[in-house]
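Notes to accompany the following structure.
The values are calculated or read from the model by the stated rules, or taken from the named source; none is laboratory data. What you see is a predicted model, and the numbers here were worked out from it, not measured in a lab. Neighbour counts run over all protein chains shown; Cβ positions are idealised from the backbone, glycine included. We work out accessible area using only protein heavy atoms, side chains counted, and drop any ligands, DNA or RNA first. Shrake-Rupley method; radii C 1.70, N 1.55, O 1.52, S 1.80 Å.
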Amino acid sequence: MRHDEMIGKVQALAQLPDRRTAERAAHAVARTLAERLPSGLARHVAAQLPPDMAAAMREAADASAARDSGKAGERFGLTAFAGRIAVRAGTDEDTALREAAAVMEVLDAALAPELTERMAHALPPDIRELLPVARAVQESWGY
């Protein structure tokens with residue numbers, strides 16, 4: 001998926017006022033997601049993204065790997081996830097969660113299905129719920 005298409009979809013899904021706000025939200029989510037995922041997985045995700053989003057993810061993954069020996073990624077839940085996105089995007093936590101859900105939906109469409117599945121398995125259940133694939137699995141299992 002091209003950068004312009006990705007940002008346009010984030011803007012529409014999150015009902016954001018302009019592309020700049022959508023781009024800031026997408027980058028905030030990508031960086032925060034890269035901190036939470038194992039660094040190798042974050043780099044695989046980055047490889048399937050447009051160059052500027054990929055660079056943001058790789059930079060965050062590299063910094064996270066330096067802190068945790070490159071293994072599991074940082075451990076934090078939905079509250080910290082939303083807080084980090086809010087600070088980076090310059091918004092409040094409720095808006096950050098809405099933006100994160102939109103970005104995750106766009107990522108779900110942009111990434112290879114098996115990569116989205118690996119990402120879902122690497123996230124804690126509260127953050128995983130932001131992914132459309134995780135919601136579909138939960139619904140099919142009756143959760």
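Per residue of the chain, what 222 nm ellipticity follows from adding -39500 (n - 2.57) for every DSSP H run with n ≥ 4, rounded to the nearest 500?
-24500 deg cm²/dmol
Rounded to the nearest 20 Debye, what is the dipole magnitude of segment 1-62 about its Cα centre when Lys and Arg each give +1 and Asp and Glu each give -1 at the C-beta? That gives segment 1-62 a dipole magnitude of about 80 debye.
Local charge for ALA28 was computed over the other residues whose Cβ lies under 15 Å away, with Lys and Arg +1 and Asp and Glu -1, and equals 0. The trypsin sites (Lys or Arg not before Pro) found in segment 28-79 that occupy coil by DSSP, while having at most 16 further C-beta atoms within 10 Å, are LYS71, ARG75.
Would you mind telling me the share, in percent, of accessible area of segment 1-88 contributed by carbon and sulfur at probe 1.4 angstrom?
52 percent
Going by accessible surface with a 1.4 Å probe and the largest first, PHE76, PHE81 read PHE76, PHE81. The residues of segment 79-123 expose, per residue, 44 Å² of accessible area to a 1.4 Å probe.
Taking a label point 7 Å from the Cα of ARG2 along the Cα→Cβ vector, which residues of segment 89-129 have an amide N closer than 19 Å to it? Residues passing the 19 Å test: 106-107, 109-111. In the chain, taking the dipole from charged Cβ atoms about the Cα centre, the farthest positive-side position among PRO132, ALA122, ALA55 is held by ALA55.
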